Amino acid sequence: MSASPITAGATLSARSRTLQLLGILSGLTAGAWLGAAEAPTKLVTLGLSPMVISLVMVIGVFLARWSLPALILGSSSISADARRAPHLIVWAILAGCLWAVANTLTVYAIRDIGLSIAFPLWNSNSLLGILWGFLFFNELRGAGLSRWLGVLGGTLVMCIGAAILAIASSGAHTPGANPAHGILAALGAGVLWGTMYIPYRKAYLSGMNPLSFVTFFTIGELGMMSTLSFGTLGSQYLFAQLSAARGVIFWLMLGGFIWVIGDLFQQYAAKYVGISRGIPLSNTNQLWGLLWGVLVFGELHGRSTITYTQVIGGSLLMILGVAAIALASASPKESAQWKAAALRESDRYGLSPDFVEARMDGRQSIGETAPSRGIIDWIFVAVATAVFVYFASIARVPNIPAHWTPAIFLSIASLILLAVCGLRLWRTTRFQ
């Protein structure tokens with residue numbers, strides 16, 4: 001016996017609420033891991049070129065983006081997504097190119113203004129995410145006055161917090177010689193990352209699995225980063241730097257691997273709560289960046305009370321803004337607008353509406369083959385593991401002043417979030 005319309009509607013509403021809560025949890029988990037991933041870029045203080053640091057991190061990202069999806073779902077699922085929506089491969093590669101340039105800018109920013117101040121500035125990508133989500137994907141349309149006030153009010157608070165942090169960075173004695181350049185680099189990274197989320201949302205409205213999207217994404221990352229490195233530094237200087245840095249390559253690659261874990265959760269946040277909410281949620285990484293920068297690396301040690309007040313107060317204001325945006329959950333009318341945007345994508349590219357709707361609902365469509373792992377997937381995992389083990393065997397502990405007790409506590413907190421959110425994703429969506 002089929003369910004009555006009332007029962008079916010109630011079930012759909014309950015599912016939607018579950019997915020929205022899952023998206024919020026994914027965004028918060030992403031923030032913790034994206035924040036931790038930037039800690040290895042402190043190696044820029046050892047005299048390594050920011051290009052070299054970014055390139056090695058991207059190599060770690062490349063290994064993670066091919067091995068983790070193969071381990072979780074298998075390459076058969078990735079191949080099926082590619083055959084179903086080949087146009088999204090181009091969008092994924094484009095997004096990867098934008099990410100590579102933005103990531104390089106963040107290394108320059110950290111060098112010139114420090115980790116705890118650079119983080120909130122490049123997280124201005126939240127503002128662009130809200131704009132693009134509204135203009136292109138029907139987000140916030142039909143949301144109602146209270147939700148509009150939550151999003152716009154939260155955005156205003158975030159802008160005020162970012163402005164306070166910019167004042168603090170320009171008036172404080174920063175690690176680099178060009179704090180103005182560091183501010184511009186951080187803001188430039190925010191613009192590129194904010195624009196990068198357009199392909200993200202386009203992919204998920206078309207039904208592509210986040211694990212498939214990030215696999216093609218990394219082709220653009222590695223290609224763009226290699227082009228930038230060889231074009232800017234030249235092969236001779238680049239290989240000389242890589243040879244000199246072989247003792248710390250493992251830590252940089254590990255930073256890239258950690259970043260991929262955070263980005264995977266960010267992808268699910270963007271899928272289930274949209275980029276106008278998912279980006280601000282994952283931008284809680286600025287709080288984690290502040291904790292790593294201040295507690296572990298002592299970035300604000302010896303600064304004036306005014307500087308402490310500005311940096312901490314500005315960060316708290318940004319977090320309050322993020323909370324306001326997160327609490328402005330999508331209404332039924334806005335959810336209907338999201339579905340209209342998804343139907344537009346399915347019509348444009350000849351996709352099955354039933355398939356698109358099922359993927360938006362975090363489930364497999366009827367008749368879809370279940371993901372499976374084969375020998376090639378285990379080869380991906382084995383190769384990635386071997387590379388990391390080799391560089392770990394020749395790694396040395398960097399000569400950077402750090403407090404390891406808070407680093408351990410921050411790492412444990414991140415692992416707890418990983419376990420909780422990963423289990424919820426698996427039980428609710430099977431990582432669809």
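Here are the numbers for this structure:
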quantity	calculated
Listed peptides 210-216, 49-55, 307-313 by packing density, highest first (mean Cβ within 10 Å)	210-216, 49-55, 307-313
Residues whose placed amide H lies under 5 Å from that of Ile400, excluding near-sequence neighbours	none
Residue-averaged 222 nm ellipticity for the chain, from DSSP H runs of 4+ at -39500 (n - 2.57), nearest 500	-26500 deg cm²/dmol
Helix 125-137 vs. the chain, principal-axis angle (Cα, 0 to 90°, nearest 10)	20 degrees
Most mobile of Ser76, Ser124, Ser315 in a GNM of the chain (Cα contacts under 10 Å)	Ser76
For peptides 27-34, 255-262, sequence by mean Cβ density within 10 Å, most packed first	27-34, 255-262
Helix 5-37 vs. the chain, principal-axis angle (Cα, 0 to 90°, nearest 10)	10 degrees
Pairs of Lys in the chain closer than 28 Å at Cα, counting only those 8 or more apart or on different chains	5
The chain: angle of helix 332-349 to the longest principal axis, Cα-based, in degrees nearest 10	90 degrees
³J(HN,Hα) computed for each position of segment 303-310 - Karplus, 6.51 cos²θ - 1.76 cosθ + 1.60, integer Hz, glycine/proline x	6, 6, 4, 4, 5, 4, 5, 5
Size descriptor, Kirkwood hydrodynamic radius, that averages inverse alpha-carbon separations across segment 371-412, Å	13.5 Å
Which of Val387, Gly60, Ala370, positive extreme of dipole for segment 18-429 (C-beta unit charges)	Ala370
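Only the coordinates and a few stated rules stand behind these numbers; no lab work does. Treat the numbers as computed from the prediction; the structure is a model and nothing was measured. A quick note on method: Cβ atoms are made from the backbone with ideal geometry, for glycine too, and the neighbour counts reach across all protein chains shown.
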